[in-house]
Every structure is written in C-alpha cells, then in structure tokens.
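What follows is a single structure, written as structure tokens, with notes after it.
FYI, it's all coordinate maths here, none of it is from the lab. Everything numeric here is computed off the predicted structure, so don't read it as measured data. Backbone-built Cβ (ideal geometry, glycine too); neighbour counts: all protein chains shown.
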Amino acid sequence: MAIKTIRQAIGEALRLEMARDEHVFIMGEDVAGGRGGTGVLDAAGGVLGITKDLLEEFGEDRVIDTPISETAILGCAVGAAVSGSRPVAELMFNDFMGVCFDPLLNQAAKFRYMFGGKAETPLVVRTMYGAGIRAAAQHSQTLYHMFTSVPGLKCVCPSNAYDAKGLLIQAIRDNDPVVFLEHKALYDIPGVETPDEAYTIPFGEANFVRDGTDITIVAMGLMVHIASGVAEELAKSGVSVEIVDPRTTSPLDTDSILESVEKTGRLVVMDESAARCGFAHDIAALVADRAFGSLKAPIKTITPPHTPVPFSPALEDAWLPGPEDLVKAITAVMEY
Amino acid sequence: MAIKTIRQAIGEALRLEMARDEHVFIMGEDVAGGRGGTGVLDAAGGVLGITKDLLEEFGEDRVIDTPISETAILGCAVGAAVSGSRPVAELMFNDFMGVCFDPLLNQAAKFRYMFGGKAETPLVVRTMYGAGIRAAAQHSQTLYHMFTSVPGLKCVCPSNAYDAKGLLIQAIRDNDPVVFLEHKALYDIPGVETPDEAYTIPFGEANFVRDGTDITIVAMGLMVHIASGVAEELAKSGVSVEIVDPRTTSPLDTDSILESVEKTGRLVVMDESAARCGFAHDIAALVADRAFGSLKAPIKTITPPHTPVPFSPALEDAWLPGPEDLVKAITAVMEY
Amino acid sequence: MNLSNLPKERLLDAYRTMKTIREFEERIHTENTTGDIAGFLHLSVGQEAIAAGVMSHLTTQDYIASTHRGHGHAIAKGSDVKAMMKEIFGKAGGLCGGKGGSMHIADLEQGMLGANGIVGAGGPLAIGAALTAKLKKSDDVAVCFLGDGASNQGGVFEAMNMSVALGLPVVFIFENNGYGEFTGADFSVGSKDIAGRAAGFGIPTVKVDGTNFFTIADAAGTAIDRVRQGLGPQGVEAFAFRFYGHFEGDPQAYRSKDEIENVRVDSDCLINFRASVAEGNRLEIGELDAIDAEVAILIDEAVAEARAADFPSPDAVLKDVYISY
Amino acid sequence: MNLSNLPKERLLDAYRTMKTIREFEERIHTENTTGDIAGFLHLSVGQEAIAAGVMSHLTTQDYIASTHRGHGHAIAKGSDVKAMMKEIFGKAGGLCGGKGGSMHIADLEQGMLGANGIVGAGGPLAIGAALTAKLKKSDDVAVCFLGDGASNQGGVFEAMNMSVALGLPVVFIFENNGYGEFTGADFSVGSKDIAGRAAGFGIPTVKVDGTNFFTIADAAGTAIDRVRQGLGPQGVEAFAFRFYGHFEGDPQAYRSKDEIENVRVDSDCLINFRASVAEGNRLEIGELDAIDAEVAILIDEAVAEARAADFPSPDAVLKDVYISY
Ligand SMILES: Cc1ncc(C[n+]2csc(CCOP(=O)(O)OP(=O)(O)O)c2C)c(N)n1
Ligand SMILES: Cc1ncc(C[n+]2csc(CCOP(=O)(O)OP(=O)(O)O)c2C)c(N)n1
Ligand SMILES: [Mg+2]
Ligand SMILES: [Mg+2]
C-alpha cells in the first residue's frame, strides 16, 4: 500500500476498471485533449490531468474527446449505458448541470421505473464541485442536494483517497446511474494509504471518521477535514466529538447517523451545499423525526449563506463555512 | 368581487400587468399558438388556454410564440430583463428545467451578486408542476425545492386564486427573478372571492389557512387542500390543527412558522416536492433548530416516496400523499 | 436502393404494420372518449408510413429513439400490441407495468429506447446507442425520430454535431408533420428547411414524401445502408400530416378546416399504398382486406384484454427505482 | 462599407483600443506569476482586432454578450480599465466590487452583459437584449461573441434559430481561434465550417481574417448595418489565434511549437495595423508610439491602484443577492 492523493486514486480507479471491463469507456471535454490540434493527441487528460495516459493505454475508442456539448455528452452516455456500455462521462464542473440536467433528471434516473423495471443504465458522471479556489459563482457551487433529491440517481461524495478509489470502482460496477462528485480543493491534500489493487466500498455505508460521545457532526467532502481539525482541538478542552461522513448521500446510511445521535444526543450538520433545501436540512429532518427522543439540544445546520459564491479571496473565505462556525455551533449546542 | 378560479386569476393578473406596463410581455411555446399554421393566429393561449385573448389585446410584439427551445426562451427572457424589459416567460412544465436550468441557475440568479449589485433582472418564469393528472414521470414533478435552493431566485407557489393573482402581480412588479409555480391539479378547483382590480401580496408572508392550537401543519399548493380537509375532520374529534401556507418558499416567512410551532409544540410538514433534500426537510430543519425548545414531539415530514411519479391511476393515487398519510402522522405526533 | 420490386411478403408486412398502427390508434381515439384512458395521448395517425418504412430496414439489434408520439414506432419495431394497449390503460401486464403510459412506452428487447416526454431528448440518446454499436464494432445503427418542433431543441443540434465529430452510426429521421403543438414548422424553423439545416451540420439529408411507404422506405433504406457502410450520420426529412390534433382533445384552431379534411383524402398512406400495389398488380386487394380483418381482431382483443386486466397493485409504487439501493 | 479611408481619429481609436487590450492582458500575464491574482484567467491576446473592429460600430445603447475570454470585449465596449484591473485583483472598487473576477466582468451601463463562465450562455442572453431593442422599436443591436468551441453548445444553436424565427436584431461573431480548450475546431465542429452551419440556420455569415482590423471591422460593420436595417440576424466568423494558452498555466501540448511561435510573428493585429497604416501613409509611426506610451502609463497606474486597493469588507458577502427580500 502506498500513500495516494485523491487525484491519483481516481485516475487509478478509472484505469483498473477500464482494464477489467472492455465495456467501460470515458468521455468528455478534453478527457484526452488535443484532437484536431497541431500538437500531441494525449495533450491533457482533462483540465486537471486526471485521465492522463488513459488514451495511450485504451485508445481513442474508449477515451473519447467531445465537442463542448454537455447535453449530448450526458445524453450520449445515457444512451450508451442503456444499450449495453458502461460509460464514465465527465461533466467538468457540476455547475454546468444547468445546461444538461435532462439526461440525468428525466432520462437515466427514470428509465428503470418508467419502463417497468426493464432498463439498466450503468452510468457514472464524474464532476467537480465546491468552493475555495477562487473560481467564482459559476464554477464553485455544491449541487449534490439536487442530485440527491432525484429518485433513481445515486450520489457519491468522497472525502479522501481511499474512499474515492473504492467508491469510484463501486460506481463503475454499479448498475444504476451514479453522480460522482469530486471536491476541487481536495484533489491534492496529503494522501492516505490506498491499496494498489481494485476494491469497492459499498454505497450507503457511512464512515465514522472519529468516535466521540458528546456530539455528532455529519459532514462530507471538504467539511470533513474542517470538522476533524475542530474535533481535535475541542478534545483538548474535553468535548468528545463524533464525526460521521455519509460518503454517499443517496443511498444514505440513516442507521449510522441515527445511532450516533442516539448515543451523543446532539447534532450539528456541516455542509457545503445549499443554505435552503440542502443536504444539511435533509439530515436534520431525518434526526428531528427519528431520533427526536434522544435529542438534548437543537439541531444546528452550518451551511454557506444564501448567496452565490463570491470571487474575491477576502469574500470567498468569509463565505465558506470554517472552523469558527463549527466551534460556535458546537458550543451553542453543548451549552444549551 | 367575484368568485374566480386560479386559471382565471392568472390570466387576469397577466392582462392587468400588461395593460399597466408596456415593458411587460409574455413569451413561450404557443402562448398565443398558431404562428405559421393555416388556421387562426390566436389559436390556443398556451396548452391550457390561460393566455388566450392576450394576443388580440397586446399584439404579436408582446405575446411571443417561440420554437421549442427552452434554453433560448429562458435565456432570451433573462437577456431581455437585464436590458430593461419585464418578461413573463412560460416554461410549460417545470420538469423541462432539465433542458434549460442554466439561464436561471447560473445567469439570472447570479447576475446581481456577480456584477457587484449593478444588475436588475425583473423576470418571471411561470411553470406548471405537480402530480395527480396521470401525466407520468416527466410531466408530474414538483421541483420547487431546487429553485428554492438557488440564491438569487425567488419562488412562489400559490394554493388559491386570490393568492395566485396577488402573488403573480407582485412577481411581475418585483425586480428580482421569480419562479412562479402553478399546480396543474388546482387550476379549476372551486374558486374563491378575488378582486377584479390589481393588488399585490408581498413575498415572504405566510397565510394562516386555519388557526389551531394542538399541531402545526405546513403545506403548499395541492397539499393545503388535503390538509384543510383533514383538519376539518379532526376538529370533530377535538384535535385543533393550525395550517400555515408559506405561499412563497423563497423568501420564506420563518417567523410565522416558528410562532405557530412555538404555540402548538408540534409540526408536520406535508409537501409534494422531494422525499430527500426537499422543502419539507428545509422546514423541519428550521424548526428543529430555532423552535426546538417548544417541540413536544418528533417533526414528521410527509412527502411522496423516493420514486419517480408512476403513470397508472392506481399507482399515482398511491404515490401522492393523501389524507390518510396526514392523519397517521398527526396521530403519531399527538400520541407521542 | 430500389423498392419497386420488393418481395410480396415484405409488402404484406409493410401494410400490416401500417394498418396495425392505424387501427391501434383509431381505437385509442374512440376508447378515449369513454374516459377510461388517463393522461396525455398523442396519435400518429397519418404518419404510419414513416414508422413502417424506416423500420423495414432495421433488426432488433438496431436501436431507435422515439418521441412523445411513439405508438407507431414501437409497433413497427416489433413491440407487443397487447402489452402496449395494457400500458396505455395503465394496467398490470402493460409493456412497462403501467408505470410509463402512452408517453413512455419502451421496449429495450426490441431495441426501442422509449417514447419520450421531453421533446428532443431522443437525439442524445440515439447517438449513445450508436456509440455502443461503434464500440462493439458491429454494423448496427441507431435511428432517431424527431418532429419538426423537436428539431429546434438544443440537445438535438448538439447530438447532430457530435455524431458527425465522432463518426457515429446514426440516422436522423425528421418527421415534419407541419406543426409542433399548434405552431407551424415554417415559423419555428427559422430557415424553413430542416434538411438544409441538418446538411449544414455535415449530415447529408434528403427530403421525401412521408405519406408514401415506397418513397420513405427507399430514402430511409439508402440512409441506413450508408450508415452501415461507415459513411457517417445521415438524415431524412419526411413530410406527412397528423390526422388528429396534437393531443387528444386539441380543437385545432390553428389549422384550417380545409387542411384537416384534405389530408385524410390526399395523404393517407394506406390509401396510397393500396393504389400503388394495385397499379403494379403486385398484391391482390383481397390479401390486403384479409390483413385488415386480422388487424381488427387483434386490436379488438387487445382492447378487451386491456380492459379486463387488473390495475397494478399499489405496492408496485416502491419497486424498480434502483437495481440495488 | 469601406473602411479604407476612415478618419484619422477613428484609426487612432482603433489602435488605442487594441493596444490597451494587449497591454492590459500582457500585464495580467506577468502579474499573475507573482501569485497575487486568484482564480481562472483567460487571455485574448492575439484576438484584439475582433473586439476593436466590432465595437467600432456600436454605441452604448447596443448590447454585447461576452465570453469567459472577455477582457478585450469589455475594454473595447468602453469599460473602465482601472476598475477592471481592481476586479481581477478581487479588490474593492472593482467593476463588480470584487465579486465577479475576470470571468464575470460586466458593465451594464456600457451595454456589456458580462463575461460568462458558462460557455455559450451569451447566445440566449444576446437575443434577449435584441428583443428589448426590437420591442423599443429602436435600431439598437445586440452582438454575441462566441468561440469556436461555444459554437457547439445547444443553447447557442437554439438562439441562432430563434433569432431568425423572431426576426431579432442580433449579430453573431464567432471568434474562431482554432481551439476550444485543447481541442481543435476542425474536430469539434463536425462540418468544419462554423459559418456554413450558421448559414444553414438562415443567418448569412461571412468568414474573415480576424487578425486584421480592417477586414474584421469591415465585415462587422456590414453585418451590423444590415441588422440595423431590419434584415435579420447576421454572422461573422473571424479567424484569429490566441497567443497564450487556454488559461494561464496551460502547457499547450496540443499545439505544435511552430504554431505557437509563428502566430506571434505572422498574425499580430498590432503589427498588421502598423503595416497597413504605414503603407497608405495614413498615420505617422510617432502617433502610434505616443499611444503605446500613454497606454503603458495607464496600465501601470491600473496595476498600482489595484494592488494598493483594499479587499472588500467581508460583510459584502451578504449584500446584493436580491434587490429586496
Ligand atoms: C422539452 C419539452 N418542451 C416542450 C414540450 C411540450 N410538447 C410536447 S409535444 C410538443 C410538440 C412537438 O412537436 P414536434 O416535434 O413537431 O412533434 P409532433 O408533436 O408534431 O409529433 C411540445 C412542445 C415537451 N414535452 N418537452
Ligand atoms: C458549459 C460549459 N462547458 C465547459 C466549460 C469549460 N470551458 C471553459 S472555456 C472552454 C473552451 C471554450 O472554447 P471557445 O468557445 O473556442 O473559446 P476560447 O476559449 O477559444 O476563447 C471550456 C470547454 C464551461 N465553462 N462551460
Ligand atoms: Mg410536428
Ligand atoms: Mg476557441
């Protein structure tokens, strides 16, 4: 086992699954890069270089550069999936779902049900999300609450390399349509031990990032890392924080979340998606119904404000939920 | 004052505002109907006839039929709004946002903020939503939780003719982008007294549909009517139900909801949007945080199941939340 | 491709297909007045020759993506008529278990990717099926049916462009019936020329009479052959008329009375077909009448069985959202 | 339209515009290496003549919709260069208060509807501004800038078609710089012919050298005039080269070394302009040198002021989401 970053883990998962199953292919804008140019064909490997080298190994038939036509990319992937292929399509930024939500919302997600159980649509859409890199309002959103709300889609949001690899392999082998979300501020954070070979992590199993007894924090993606730092800090002053990372929002490991809150009696959900109708509210509602009797204090949700993401570093830093927000919420809950 | 249906109220609001302000125009597929045909130009007034007669009164310049190109319709409306017009664009079914979310999600909603407060985008998008008329999976969804989650959009869901008229006029006069949702099962339910002249209902003011002391029901659209029937029934057995209809999900009248729960100590949210990350969860989370101390029982959310909308009447009736679901939830909460 | 001397069996098949579609939909039209059919119904009566003509060149390995007006495509592609009728009545045993209804009839086993409630959605789906065919190195094709109205959807344009860029084995069949809902094609298509616009995308596209089985089958056959030969995406703009309104219940004020009446007389593919085969003495009228009788029985049975079938049990609501969850 | 004998003042303006864009962006390119500029930067160096040539025919009443590569469009449309530089540095006093950054520079007072981070989004927006112009019965126009890559977006196609159907006063300027990110236009545009494809939509579209101010200004002028005369949407495909990578930091492996080096020599609009005016003895070299000096000072000041400016105060985060809420 070696230490790997999320960037490496994702590239590895794709390579392993393409080698394992000839039906798997990748498509998207510049997933190879360089078609129709005067330089090399394998020029890029996506804007972040994650799919670099796949062209050489698997050829142009299975590493498919496309025009800038996201509806055609996703719709083509859906059509390919339902006819027997296993596409991994790349939607560069999840914000672009504005131009291409239909193939997921109204096609892939609904086929199996609408068609009376007869369709299989084994599709993965990889997409970047999240704030923190000064990419401004149209390239920084966290939209998994929308994907989560659509019956028929599965939705995955890994927070570390080990999870990223196992969940992506699961996503590719899964027979339902999956949206796989990659936080752009996490690709190159210090890595974790990650096996070289293929392995899967089942969907709907939360990761207990940290065990604790006083308060439960539910967090995903970048927020897991902020929560971990805060928990470490608070441990010193005797507050025992449990951190649950659901890893997949749909299916959701409701049991783990409920168990944790039943133990701690307190919940803060820290989430980067929406300030309204977001993932935080989904978890809060779950607990306010099904673990109400265990609750010793109000449920706090920490989200960005109900505003677009600002560009200026000074503003984006203020916009993004941070350790102080979490400390404040935990304190309020503990002191209730 | 006369008794009017929602269908009539909406048509009236459009006519009054078009007469009042020459910058207001309507556009969409077949909002007049008949361009390029061999029959009459004013053939339809939209698929439901709601915009009928507007062509005659305001002419082709202001009653604009379009190709089936929703991205161009909404994007054009956004461009028209930001350049000084006041468009009311029609998106026939809210399900079609799959092909045209970008002009709302990434353009209209973000202009003012991204441009440092300098843009005004006075746009209304009218759209049908909701189940119950056997329109199946792609024409029956309730997607206002998605619109609500987007900062910069306002979102309106009237449940009766009086509200529909006042809220639509407010939407047209409002200087921010507004999504105005019309439940397709409510257009022709028995009407209510509705003034002939123009009036506005401010956004962010809930309607107390029914006062009660034992339990608060938050509901919108079709669900208001189901809740009213149940409340009537339960009153006989001594349960006093309060029904709050927020009318606009964004802005949201949090005060009224919190006040009501502080009084009753119990909350059921009955909502037709999503089973996950929906509007019901948004309200539950609000209350689980800010009225926790008043809660005597778990918060129940009633939503459709996490499945697409089925076609068969037998299945759709089972899918849609109904009176029995509400009675069951109220009973559970009251007996907690 | 020259269809003028098709073997008799194929002629009879073509007629049977068109007649089955006609009868199926005429019957739905009638049954609908009883109030026993729920939801939206879009009939393709008048456009049967396009479905029959195109599908006469396809196997079950080939895929089609259909539209909201999809009954004819499904029947021509080989779907079970009785299961379709049950589906339209929302009954158990329907082709989609009653969950889809008229607007979502799909039959993946027959290579039918589904009717679609989202106008234009079939464009991207079809090129996906074409991509599968290409990756398999088969000579299968995908055929995409689109209306004149659908031809203005962004996703359709993207699919057209991408199919050329990626060299995908796909045929676009533009069924120009003159209207998208209530709006004329000459208004909604800015250039007033769907085929010409497709050609601008690099897709050779011909215009043909879609009310004549032989002309449309001929054009589609040529296009499909070219695609199978690896010559890249091809198109056909087939002109036809829908005899009924956009949906059942449409008063059709946007059409002149003349038009509505004349199309039934001048542009009926069944009448045209009978005339053609009679002219060349290729079939006996009696053979066609026999098919009419067979089809009438089939549709009678289909309606009777659909009416007699149970509604699905409510617990089906929760089933088949995911394969595993 | 014949620009060969433009008045001297307009020639100087054109040069000043191009030079300002060049200097502004070259300077951003340098400043960016210090790490003091955050976010994505897309430079239009090499394409300045298109912005200057098109905008030379527009007033502040006319609208433009720009792209992610929008600095040049904004400058040519009249935006304040110093406020733009502050915006790019994310500072208070920026054209968008620091909330937008390079990719969202907008200036509605100058009729600039904004750079746009969503490729192709400007298409529908532009036809909306054109619709406003039409409703006002003015002869204002809207101009939509789109890259070769953007020309493949569904929303752009829809906008093209709808502009013809509705007869809107809009000009589509396709800036074909050969690449969309790293992918060549000859691959991504299936027909390899953006102008021809636009023509298929019913939009008369010419192809011109976009590195020569006179040819592009001429073509744009003709197109804009035709639109003002009510002749409907027009298009121009202008060929040019971006001298830098797609974004700052792009190693450009998809381009040959030759290409990268040659375009700076052969296709520099500033060099071309100097050569043209020298040939016809229309301007003294000294006049151009004077502009160069002026512009250098302006950009120096802009950078200095941007660096010196404060960051916006964090409470601005919550402001200006809605007009009222
Ligand atoms: C994206 C989308 N927009 C609008 C509609 C509503 N609608 C259903 S059918 C139709 C007309 C389609 O016209 P055309 O493509 O010509 O097909 P035809 O009905 O003539 O067969 C419209 C606008 C829809 N279902 N989906
Ligand atoms: C909808 C969407 N898809 C993809 C991107 C990512 N992206 C940004 S710029 C770009 C290339 C655009 O190419 P072109 O239109 O030729 O403009 P150029 O960069 O050459 O000026 C891409 C793919 C985006 N921002 N928006
Ligand atoms: Mg049509
Ligand atoms: Mg380009």
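How big is the Kirkwood radius of chain A, worked out from every pair of different alpha carbons and given in Å to one decimal?
Values: mean 1/r = 0.0490 Å⁻¹.
Evaluated on chain A, it is 20.4 Å.
What average count of beta carbons from other chains do you get within 10 Å of the Cβ of residues in B:140-150?
Working: counts 2, 5, 0, 4, 1, 8, 9, 2, 5, 13, 9.
Mean shielding by partner chains, rounded to a whole number: 5.
Which whole-Hz couplings ³J(HN,Hα) result when phi for each residue of the stretch C:314-319 is put into the Karplus expression 6.51 cos²θ - 1.76 cosθ + 1.60, θ = phi - 60°, listed in order with x for Gly and Pro?
Working through the residues one at a time gives x, 6, 5, 3, 8, 8 Hz.
Could you work out the pair-distance distribution P(r) of the stretch B:1-76 from its alpha-carbon pairs, with 5 angstrom bin width and percents rounded to whole numbers?
3, 16, 25, 24, 19, 9, 2, 1
Using Cα centres only, tell me the gap between the stretch B:264-333 and the stretch C:1-57 in whole Å.
46 Å
By the gyration tensor of its Cα atoms, with a ≥ b ≥ c the square roots of the eigenvalues, what is the shape of the stretch A:221-336: rounded for a/c under 1.5, prolate for a/b over b/c, or oblate?
Values: a/c = 1.80, a/b = 1.29, b/c = 1.39.
Here the stretch A:221-336 falls in the oblate category.
Provide the FRET efficiency to the nearest 0.05 for the D:Arg307-B:Glu233 pair, computing r from the beta carbons and using R0 = 60 Å. Numbers along the way, then the final one.
Working: r = 70 Å, r/R0 = 1.17.
Working from the Cβ atoms, E equals 0.30.
Between the stretch C:290-325 and the stretch C:133-207, what is the C-alpha centre distance in whole Å?
Between the Cα centre of the stretch C:290-325 and that of the stretch C:133-207, the gap is 32 Å.
7 Å along Cα→Cβ for the label point: how many nanometres lie between A:Tyr199 and each equivalent label in the other copies, listed shortest first?
Ordered by distance, the counterparts are at 6.7 nm.
Give the residue from C:Gly210, C:Ser256, C:His246 lying farthest towards the positive end of the charge dipole for the stretch C:171-262; charges sit on Cβ (+1 for Lys and Arg, -1 for Asp and Glu) and the dipole is referred to the Cα centre.
My answer, from the dipole projection, is C:Gly210.
For A:Gly238, what charge total do you get from the other residues with a beta carbon under 14 Å from its beta carbon, if Lys and Arg give +1 and Asp and Glu give -1? Show your work: numbers first, answer last.
Details: positive: A:Lys236; negative: A:Asp214, A:Glu232, A:Glu233, A:Glu335.
The answer is -3.
Just for the stretch B:2-194, what percent of DSSP beta bridges are antiparallel, to the closest 5?
Values: 3 of 24 bridges.
Of those bridges, close to 10 percent are antiparallel.
From the backbone phi of the stretch C:69-81, what are the Karplus-calculated ³J(HN,Hα) couplings (6.51 cos²θ - 1.76 cosθ + 1.60, θ = phi - 60°) in whole Hz, Gly and Pro given as x?
Taking θ as phi minus 60°, the curve returns 9, x, 3, x, 4, 5, 4, 5, 7, x, 5, 6, 5 Hz for the stretch C:69-81.
When a/c is below 1.5 the answer is rounded, else prolate if a/b is larger than b/c, else oblate, so apply that to the stretch B:285-336 with a ≥ b ≥ c taken from the square roots of the Cα gyration tensor eigenvalues.
Values: a/c = 5.12, a/b = 2.08, b/c = 2.46.
Oblate is the answer for the stretch B:285-336, as a/c is 1.5 or above yet b/c matches or exceeds a/b.
Do you know the relative contact order of chain C, to the nearest whole percent, from alpha carbon pairs under 8 angstrom that are 6+ apart? Can you show the working numbers first?
On the way: 623 pairs, mean separation 72.9, N = 325.
Relative contact order for chain C comes out at 22 percent.
Sum -39500 (n - 2.57) across every DSSP H segment of at least 4 residues in chain D, then divide by the residue count to get the 222 nm mean residue ellipticity, nearest 500.
On the way: 12 runs with 147 residues, N = 325.
The helix-only estimate for chain D comes to -14000 deg cm²/dmol at 222 nm.
Need one word for the stretch B:2-194: rounded, prolate or oblate. Basis is the Cα gyration tensor (sqrt eigenvalues a ≥ b ≥ c); a/c below 1.5 gives rounded, then a/b vs b/c decides. Show your work: numbers first, answer last.
Details: a/c = 1.32, a/b = 1.17, b/c = 1.12.
Rounded, since a/c falls under 1.5.
Once the dipole of the stretch A:65-114 is set up with Lys and Arg at +1 and Asp and Glu at -1 on Cβ about the Cα centre, which of A:Val82, A:Leu104, A:Phe93 lies farthest towards its positive end?
Of the options given, the answer is A:Val82.
List the residues, sorted by chain then number, that are 5 or more residues from B:Thr301 or on another chain and whose placed amide H is less than 5 Å from its amide H.
B:Val269
What number results when the radius of gyration of the protein assembly as shown, computed over Cα atoms, is divided by 2.2 N^0.38 Å?
Working: Rg = 30.3 Å, N = 1322, 2.2 N^0.38 = 33.8 Å.
That ratio works out to 0.90.
Report ³J(HN,Hα) in whole Hz for each residue of the stretch D:25-33, in order, from the Karplus equation J = 6.51 cos²θ - 1.76 cosθ + 1.60 where θ = phi - 60°; Gly and Pro get x.
Taking θ as phi minus 60°, the curve returns 7, 4, 6, 4, 4, 6, 4, 4, 5 Hz for the stretch D:25-33.
How large is Rg over Rh for the stretch D:285-325, taking Rg from the Cα atoms and Rh as the Kirkwood inverse mean of 1/r across Cα pairs?
Rounded to two decimals, Rg/Rh equals 1.38.
Have a look at the stretch C:1-119 and give its Rg and Dmax from the Cα atoms, expressed in angstrom.
14.2, 46
Using a simple spin-label model with points 7 Å from Cα along the Cα→Cβ vector, what separation in nm is obtained for D:Glu261 and B:Asp196?
Those two pseudo-labels are separated by 8.3 nm.
How far is A:Gly84 from itself in the other copies, in nm, if each label sits 7 Å out from Cα along the Cα-Cβ line, shortest first?
Distances between equivalent label points, in nm: 6.0.
Amide H neighbours of B:Glu182 under 5 Å, counting only residues 5+ apart in sequence or on other chains, H built in-plane at 1.01 Å?
B:Thr127, B:Met128, B:Tyr129
At a threshold of 8 angstrom on Cα-Cα distance, excluding pairs fewer than six apart, so keeping six or more, what relative contact order does chain B reach in percent?
On the way: 753 pairs, mean separation 54.1, N = 336.
The value is 16 percent.
What does the copy distance list look like for D:Lys8, label position 7 Å along Cα→Cβ, in nm and ordered from shortest?
From this label point to the equivalent ones elsewhere in the assembly: 9.3 nm.
If contacts are Cα pairs under 8 angstrom and at least 6 residues apart, what is the relative contact order of the stretch A:207-334 in percent? Please report the intermediate quantities before stating the final value.
On the way: 219 pairs, mean separation 33.9, N = 128.
Rounded, it is 26 percent for the stretch A:207-334.
Name the long-range amide H neighbours of A:Arg210: under 5 Å, sequence gap of 5 or more, or other chain; modelled H, no Pro or chain starts.
Close amide H contacts, sequence-distant or interchain: A:Ile243.
How much net charge surrounds B:Ser159 when only other residues with a Cβ under 9 Å from its Cβ are counted (Lys, Arg +1; Asp, Glu -1)?
Details: positive: B:Arg247; negative: B:Asp163, B:Asp245.
Result for the local shell: -1.
Convex hull volume of the Cα atoms in the stretch B:162-268, per residue, in Å³?
Details: hull volume 11.3 nm³, N = 107.
Each residue corresponds to 106 Å³ of Cα convex hull volume.
Rg (Å, one decimal) plus Dmax (Å, integer) for the alpha carbons of chain D?
Cα-based Rg and Dmax for chain D come out at 19.0, 61 Å.
Take the residue pairs A:Lys236/A:Lys263; C:Lys192/D:Lys134; B:Lys110/C:Lys192; B:Lys236/B:Lys296; B:Lys4/C:Lys99; A:Lys110/C:Lys91 and return only those whose Cα atoms are more than 25 Å apart.
Working: A:Lys236/A:Lys263 21 Å; C:Lys192/D:Lys134 22 Å; B:Lys110/C:Lys192 36 Å; B:Lys236/B:Lys296 23 Å; B:Lys4/C:Lys99 35 Å; A:Lys110/C:Lys91 19 Å.
Exceeds cut-off: B:Lys110/C:Lys192; B:Lys4/C:Lys99.
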